[in-house]
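Structure first, then comments.
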């Protein structure tokens with residue numbers, strides 16, 4: 001099982017990406033964790049370390065993919 | 001079966017998105033078509049009409065998702 005982390009901040013762009021995109025991932029290959037960085041500010045540094053610059057972003061096995069643009073990470077600190 | 005179209009231009013960012021991202025989609029729910037806009041310039045207008053601004057991008061049931069940033073669509077005309 002591969003690990004994927006979806007970082008978001010509850011913004012409209014984030015919600016759309018989650019609903020249309022994250023649910024499209026193959027559930028037999030990927031375990032997806034969702035992290036709301038507005039509520040879990042202690043995980044912003046973890047997202048930054050993975051290369052996340054903005055939300056929504058999906059980190060698949062350590063590689064960050066920015067999906068559209070909701071908010072810069074700096075707004076969530 | 002839902003339809004997803006992955007627009008790309010063969011750039012390194014596109015290839016990474018394809019390998020790590022498109023293959024992660026649930027094959028029992030999504031039929032993914034890949035379109036190389038550098039080779040199929042006649043489909044640039046179709047991508048534009050779907051709201052694609054840059055590649056790589058994945059259009060899921062008509063909604064565009066830009067994944068990271070490889071090249072603007074205007075470079076492919």
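Values quoted throughout were computed directly from the atomic coordinates according to the rules given, and no laboratory measurement underlies them. Values in this document were obtained by computation on a predicted structure and should not be read as measured data. Note: ideal-geometry Cβ built from the backbone for every residue, glycine included; neighbour counts use all protein chains shown.
Observations
- Helical mean residue ellipticity (222 nm; -39500 (n - 2.57) per DSSP H run of 4+; nearest 500) of the protein assembly as shown: -5000 deg cm²/dmol
- The range B:59-77 residues near the modelled residue A:29 label - backbone nitrogen below 15 Å, point 7 Å along Cα→Cβ: none
- Whether the protein assembly as shown is rounded, prolate or oblate, judged on the alpha carbon gyration tensor where a/c under 1.5 counts as rounded: prolate
- Mean separation of Cα contacts under 8 Å, 6 or more apart, over the residue count of chain A: relative contact order %: 39
- With N the number of residues in chain A, Rg(Cα) / (2.2 N^0.38 Å) evaluates to 0.99.
- DSSP-defined beta bridges in the protein assembly as shown - what % are antiparallel, rounded to 5: 60
- For the range A:1-67, the share of DSSP beta bridges that are antiparallel, to the nearest 5, is 55%.
- Remark: mean inter-chain Cβ contacts per residue of A:9-21 equal 2, using a 10 Å Cβ-Cβ cutoff to other protein chain atoms.
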